[in-house]
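J.: Below is a structure I'd like to ask you about.
A short reminder: the numbers here are calculations on the coordinates, not readings from a lab. Values in this document were obtained by computation on a predicted structure and should not be read as measured data. When we count neighbours, we look across all protein chains shown, and the Cβ atoms used for this are built from the backbone with ideal geometry, even at glycine.
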Amino acid sequence: MTRRRSTQRPQSAQNAVLVICSALFAASALNVVGAQMAGVPAAGYKREAGVPASALPAPLREIGFDQNLNQQIPLDIPFVDEQGREVELGRFFGARPVVLAFVYYECPMLCTQVLSAMATSLDVMSLEPGRDFEIVTISFDPRDTPKSAAAKKAVYIERYKHPGAAQAWHFLTGDPPAIERLAQAVGFRYTYVPEEKQFAHAAAIMVLTPDGRVSRYFFGVEYPPRDLRFGLIDAADRKIGTVVDHLLLYCYRYDPTTGRYGALAMNLVRAGGVVTVLAFGGFVLVMRRRETRPATGRG
């Protein structure tokens with residue numbers, strides 16, 4: 001009977017490993033509830049095959065994002081916050097990673113989608129604004145004012161009601177040199193279309209490290225909470241998040257061509273092997289303790 005138990009226990013340990021791995025992936029899946037797939041990368045307008053660049057409208061040839069990963073942004077750029085106070089960009093850096101979004105406050109459609117999607121993704125995450133990260137929204141329209149920034153902030157703080165959100169989400173305006181300097185640093189290309197009386201621009205948000213380096217780009221108008229959470233944890237050098245987050249990040253890697261995190265098959269196998277060894281080692285330890293108890297009692 002003793003031998004029969006010893007041959008069955010390893011199988012039980014393997015089953016336990018499967019349960020643990022399933023729990024880890026289930027925990028990851030919880031982070032993406034309520035969000036769909038992110039949009040495709042927007043490095044610029046993507047034309048159909050065979051269509052020459054000259055056939056595109058001029059504004060669409062000029063907009064997009066150049067991924068300046070690990071680029072240090074200038075933190076001495078002056079802006080004005082929603083309360084009309086002059087602030088340097090560096091005021092919002094130093095302790096926590098920053099989610100950065102370029103929009104303009106009178107945008108008729110796309111900017112609203114960007115901010116709404118960002119608020120939705122942040123809202124389902126357990127990471128807290130002001131404690132784990134900051135949010136900086138900057139208008140690239142120099143005609144925007146602190147009043148329009150305050151009005152836009154009121155709308156999104158009403159949607160994103162996490163404690164500390166009002167203090168951690170900053171809506172800024174600036175003059176053309178300040179806006180252009182930061183846009184160039186993060187690779188954001190946009191243009192004004194006089195005929196339409198609006199800006200042509202691509203959609204994305206960025207995550208920056210606490211010291212102001214560009215860490216991640218998330219493209220489109222939908223940002224899976226799992227990916228955004230991973231991006232913040234990576235940018236913070238894994239000083240935020242849970243143990244489960246850190247284990248999952250071993251099995252996922254950011255892909256700059258898609259702006260998403262994808263699974264690494266080899267690391268999944270390695271992680272499974274480590275969990276198997278730990279589970280089997282725990283089983284052996286428990287069995288040895290059980291074997292020593294009767295002898296101790298007889299003594």
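J.: Work out, step by step, the length gained on full extension between residue 83 and residue 66: first 0.36 nm times the residue separation, then minus their alpha carbon distance; give nm to one decimal. The partial results should precede the final answer.
T.: On the way: separation 17, 0.36 × 17 = 6.12 nm, distance 3.16 nm.
My answer for the length gained is 3.0 nm.
J.: Under a crude label model (7 Å from the Cα following the beta-carbon direction), how far is residue 147 from residue 91 in nanometres?
T.: Inter-label distance under the simple model: 2.1 nm.
J.: Further, regarding this structure: When a/c is below 1.5 the answer is rounded, else prolate if a/b is larger than b/c, else oblate, so apply that to the stretch 82-229 with a ≥ b ≥ c taken from the square roots of the Cα gyration tensor eigenvalues. Numbers along the way, then the final one.
T.: Numbers: a/c = 1.38, a/b = 1.32, b/c = 1.04.
Since a/c stays below 1.5, the shape of the stretch 82-229 is classed as rounded.
J.: Taking neighbour Cβ counts within 10 Å as the exposure measure, how do 148, 139 sort from fewest upward?
T.: On the way: 148 18, 139 25.
Taking fewest neighbouring Cβ atoms as first place, the list is 148, 139.
J.: How many percent of DSSP beta bridges within the stretch 122-275 run antiparallel, rounded to 5? Show your work: numbers first, answer last.
T.: Values: 13 of 18 bridges.
Here the share of antiparallel DSSP bridges comes out near 70 percent.
J.: Taking θ as phi - 60°, what are the ³J(HN,Hα) couplings along the stretch 112-125 by the Karplus curve (6.51, -1.76, 1.60), each to the nearest whole Hz, with x for Gly and Pro?
T.: Couplings: 4, 5, 4, 5, 5, 5, 5, 4, 5, 5, 5, 5, 8, 8 Hz.
J.: Could you work out how far apart the two model spin labels at residue 75 and residue 239 are, taking each label as a point 7 Å from the Cα in the direction of the beta carbon, and quote it in nm?
T.: About 1.1 nm separates the two model spin labels.
J.: Quick check: residue separation of residue 158 and residue 120 times 0.36 nm, minus the Cα distance between them. What number comes out in nm? Let's see the in-between values first.
T.: Values: separation 38, 0.36 × 38 = 13.68 nm, distance 1.18 nm.
Taking 0.36 nm per residue and subtracting the Cα distance, the gain is 12.5 nm.
J.: Let me ask something else about it. Apply the Kirkwood formula to the stretch 146-185: the hydrodynamic radius equals the inverse of the mean of 1/r over all pairs of different alpha-carbon atoms; give it in Å with one decimal. Before the final figure, lay out the partial values.
T.: Working: mean 1/r = 0.0868 Å⁻¹.
The answer is 11.5 Å.
J.: Continuing with this model, one more query. Put a dot 7 Å past each Cα toward the Cβ at residue 213 and residue 166; how far apart are the dots in nm?
T.: Spacing of the two 7 Å Cα→Cβ label points: 3.6 nm.
J.: Within 10 Å, count the other beta carbons around each residue, average over each peptide in 229-235, 102-108, and list them highest first. Numbers along the way, then the final one.
T.: Values: 229-235: 24.3, 102-108: 19.9.
Per-residue Cβ counts within 10 Å, averaged per peptide and sorted highest first, yield 229-235, 102-108.
J.: Continuing with the same structure: At a Cα cut-off below 22 Å, give the lysines reachable from residue 197, other chains included and same-chain residues fewer than 8 away excluded.
T.: 147, 152
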